[in-house]
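Some notes on the structure that comes next.
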Amino acid sequence: MQDRLLAVAAGLSDADLLRRVIALAGREREATVELVAHLAELDARRLYLGEGFGSLFSYCTGALRLAEHAAYNRIEAARASRRVPGILDLLADGSLNLSTVRLLAPHLRPDNFDSLVSMAKGKSKREVEALVACLAPRPDVAAYQPGLPLHTRA
């Protein structure tokens, strides 16, 4: 079957191939949003426990066979969508992607949703990382000093 898919793609004109790829990316976003919404409910009901998994993450990687990073991004998006359901619309229209939602998730609340999203819409992962760094700056890391135990370094 996979050979047939490659042959079909190879047989498309340049314009048809570009249109098809755009359509497929849209369908993938729709499927991802639907999966995220269902994972949110599955998590709320803790149904993974009855399936023999100790966590939603292990369910996603075991039962759904998602890669670890894919599972983590979808779980974070699912949990964020329960707090602020507007996340799903932004994922669906491509304004945010799973990586940027994961980065924003710890900082999103209903009262700051609009402002944070307006700053993050259409931004790359790196740009959202910089935005998050401004929202929640971390202290500088102490310089490495050989021979000193970690707890005594300044």
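The values are calculated or read from the model by the stated rules, or taken from the named source; none is laboratory data. On a predicted model such as this, the values are computed, not experimentally measured, just so you know. Quick reminder, even Gly has a Cβ in these numbers, built from the backbone with ideal geometry, and neighbours come from all protein chains shown. Accessible surface areas use protein heavy atoms only, side chains included; no ligands, DNA or RNA. Shrake-Rupley method; radii C 1.70, N 1.55, O 1.52, S 1.80 Å.
If DNA, RNA and ligands are ignored and the probe is 1.4 Å, what is the ranking of ARG65, ARG29 by accessible area, most exposed first?
Correct descending sequence by accessible area is ARG65, ARG29.
Could you tell me the ratio Rg/Rh of the range 57-110? Both radii from Cα atoms, Rh via Kirkwood.
We get a ratio of 0.99 for the range 57-110.
With θ set to phi - 60° and the Karplus curve 6.51 cos²θ - 1.76 cosθ + 1.60, what are the ³J(HN,Hα) couplings of the range 106-113 in order, to the nearest whole Hz, using x for Gly and Pro?
3J(HN,Hα) across the range 106-113, in whole Hz: x, 9, 7, 9, x, 7, 10, 3.
Tell me, what is the percent relative contact order of the chain, built from C-alpha pairs under 8 Å that lie six or more residues apart?
16 percent
Once the piece of chain linking GLU129 and ALA31 is laid out straight, how much longer is it, given 0.36 nm per residue of separation minus the C-alpha distance between them?
Full extension from GLU129 to ALA31 adds 32.7 nm.
Computing the accessible area with a 1.4 Å probe over protein heavy atoms, can you report the carbon and sulfur percentage for the range 2-129?
Exposed carbon and sulfur together represent 53 percent of the surface.
For the range 1-130, what is the convex hull volume of the alpha-carbon atoms per residue, in Å³? Intermediate results must be reported in sequence, preceding the final value.
Details: hull volume 16.6 nm³, N = 130.
So the per-residue hull volume is 128 Å³.
Could you tell me which of LEU90, TYR72, SER55 has its Cα farthest along the dipole of the range 50-96 towards the positive end, charges placed at Cβ (Lys, Arg +1; Asp, Glu -1), taken about the Cα centre?
Of LEU90, TYR72, SER55, it is SER55.
Could I have the simple spin-label model distance between LEU12 and GLU41, label points 7 Å from Cα toward Cβ, reported in nm to one decimal?
Spacing of the two 7 Å Cα→Cβ label points: 3.2 nm.
What list of ³J(HN,Hα) values in whole Hz, one per residue of the range 74-86 in order, does the Karplus curve 6.51 cos²θ - 1.76 cosθ + 1.60 (θ = phi - 60°) give from phi, with Gly and Pro shown as x?
5, 5, 4, 5, 4, 5, 5, 5, 6, 7, 9, x, x
If you roll a 1.4 Å probe over the heavy atoms of the protein chains, what accessible area per residue do you get for the chain, in Å²?
Working: 10340 Å² over 154 residues.
Result: 67 Å² of accessible area for each residue.
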